[in-house]
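The values are calculated or read from the model by the stated rules, or taken from the named source; none is laboratory data. Just so we're clear, the structure is a prediction, and the values are computed from it rather than from any experiment. We place every Cβ from the backbone using ideal geometry, glycine too, and count neighbours over all the protein chains shown. Calculation scope for accessible area: heavy atoms of the full protein, side chains included, ligands and nucleic acids excluded. Shrake-Rupley method; radii C 1.70, N 1.55, O 1.52, S 1.80 Å.
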Amino acid sequence: MKTPTPPQNQPYNFNTTEPVTMQQTSSKLPNMPQELSITTTTTTTTVTNTKKLTLIPLIFLIYFEVAGGPYGEEPAVQAAGPLLTIIGFLVFPFIWSIPEALVTAELSTAYPGNGGFVIWVERAFGPFWGSLMGTWKFLSSVINIAAFPVLCIDYMKQIIPAIESGLPRYLALLCSTLGLSFLNYTGLTIVGYTSVVLAVVSLLPFIFMCLIALPKIKPHRWLSLKHKGVKKDWNLFFNTLFWNLNFWDNVSTFAGEVDQPQKTLPRALFITVIFTCLAYVFPLLAVIGALSVEPSDWGAGFMAQAAELIAGKWLKIFLEVGAMLAAIGPFEAQLSSSAFQLLGMADIGSLPQFFGLRSKWFNTPWVGILLSTSISLGVSYMNFTDIISSANFLYSLSMLLEFASFVWLRRKFPRLKRPYRVPMRLPLLVVMCLIPCGFLAVIMAIATKKVYLVSGIMTVAGIGWYYLMKFCKSRKWFQFNTGGEVVVEENDHERVAGHLLQIDTF
């Protein structure tokens, strides 16, 4: 079979629309880290001309990867009271969000191909750990995806009571999931601009609520520590902060679809960190300052009740509609991330080649979208509270590995050109990573035995999957991309990055 490979001393560039003619070579590329030696064969290929993601839609895609609105922050107040929640949402971005965003910015621009964190770990520690990273991230992501159609239906049932239970609810879940997945199939650019519209509409009721609440705010309420007769629930508190401010690295899985990723990704991450934090803190300050309520009243969905108390029933309805729309955004963003992760893993040979197949009409990874949708559909019909906790546990494991990869790559390849470079020396980078790692250790330590069991089973399954793929290669059952390294060529004028591919039938 003919295979895409690079001409001598020139890497294949997946971020261009020009035809590339390949020549046979087996040499190391000049001006590159020496770990990137490759053996290739001969073919000619053309990359489909597709529209790349620009800054504005990318900002809102990242926003929905991470947040989707202030709708999920209420349990933190219920768990620890007003003051600690305000402090948490002000401080936690510096402990977690900013370090994760900085790591993502540096590594995504150094290796701007689809696959993201899987590529980083594979380059740092080898294919076994890269594959395990892919398993942890993929499972945690698709389980999270399942929650959003459920949330959407839960808000819709306020308007259409018939879908509250039974067959109508199952059909509503099926139709909403398939419909949202088809939107994802139409392409990242459409998903990106849809995210812009969803973000504006879902945040408008909070803007109105903050403005109307201004004359009613009493700042002393922000300082309240009262939590009458209720023991603080630190597990719920920290998990709520974590849930609302993680997944910054998901954007890395479709870095290859971004226009000028070396410039666009760091700018988008920086803007989104600020935007997301403000979107959480301002409504929190407005509601706490304007209303005198006990922390025990701050259950899930309390923001809608607060809107009615502050401005009337019209704002409550507006906020509920916004919440329903806000549930769509994270579904689209995280489904895109999961699908492009599988495509990236196929590019580097961790998965069979067919996982990287793209649609002829939209150039989207239809196999990844189909597989992610199928798994999330299966999970959406289950009571998955413990599975969600297990997904968070797996995500914590993957982030420990990601921070370790970041530090190791900086130490191992200090001269690798990084268009964005975190402005710290190695000792300070270690400290920067140890702080969020300490938080991850706390999250994992307070997990239940059931979470440990489910997470352990998923991890063992991930290890088994790696060896299954290795066995499939040895038996020549599937086609894999071999030599699928993300490579870097550096010179005085430009930096070209992409995947070098050699497709063989094992």
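Could you give the accessible area per residue of region 219-359, probe 1.4 Å, as a whole number in Å²? Provide the component values of the computation, followed by the final result.
Values: 5030 Å² over 141 residues.
I get 36 Å² per residue for region 219-359.
Look at the alpha carbon pairs under 8 Å that are at least 6 residues apart: their mean separation over the length of region 212-347 gives a relative contact order of 40 percent. Computed on region 323-372, with alpha-carbon pairs under 8 angstrom and 6+ residues apart, the relative contact order is 33 percent. Please list, by residue number, everything in region 99-139 whose backbone N is under 18 Å from a paramagnetic label point 7 Å out along Cα→Cβ of Ala461. From region 99-139, the list is 131-139.
If R0 is 30 Å, the Cβ-Cβ spacing of Phe471 and Leu370 corresponds to a FRET efficiency of close to 0.80. With R₀ fixed at 22 Å, the C-beta to C-beta distance from Ile435 to Phe282 puts the FRET efficiency at about 0.30. Between the amide H of Thr482 and those of Gln502, Ile503, Asp504, distances stay under 5 Å, these residues lying 5 or more places away or on another chain, with hydrogens modeled in the peptide plane.
Taken over region 173-315, the alpha-carbon convex hull comes to 167 cubic angstrom per residue. Using only the Cα atoms of region 288-434, build the gyration tensor, take square roots of its eigenvalues as a ≥ b ≥ c, and label the shape rounded, prolate or oblate: rounded if a/c is under 1.5, else prolate if a/b is larger than b/c, else oblate. Cα axes put region 288-434 in the oblate bin. Compared with the direct C-alpha span, the chain from Ser292 to Ile274 gains 3.6 nm at full extension, assuming 0.36 nm per residue.
A DSSP coil position with no more than 16 other Cβ atoms inside 10 Å describes the following trypsin sites (Lys or Arg not before Pro) in region 169-257: Lys226, Lys228, Lys231, Lys232.
Given +1 on the Cβ of Lys and Arg, -1 on the Cβ of Asp and Glu, and no further charges, what dipole in debye does region 199-321 carry about its Cα centre, rounded to the nearest 20?
Working: 11 positive and 8 negative charges, 117 e Å.
So the magnitude is around 560 debye.
Averaged over every viewing direction, what's the projected area of the C-alpha convex hull for region 145-246? Give it in nm², one decimal, please. Write down the numbers at each step before the final one.
Values: hull surface 41.7 nm².
Mean orientational projected area (region 145-246, Cα hull): 10.4 nm².
Dividing the mean sequence gap of close Cα pairs (under 8 Å, 6+ apart) by how many residues region 94-179 holds gives a relative contact order of 14 percent.
Heavy-atom accessible surface of region 121-174, averaged per residue, reaches 39 Å², computed with a 1.4 Å probe.
Reported to the nearest whole Å, the Cα centre-to-centre distance from region 247-269 to region 106-150 is 14.
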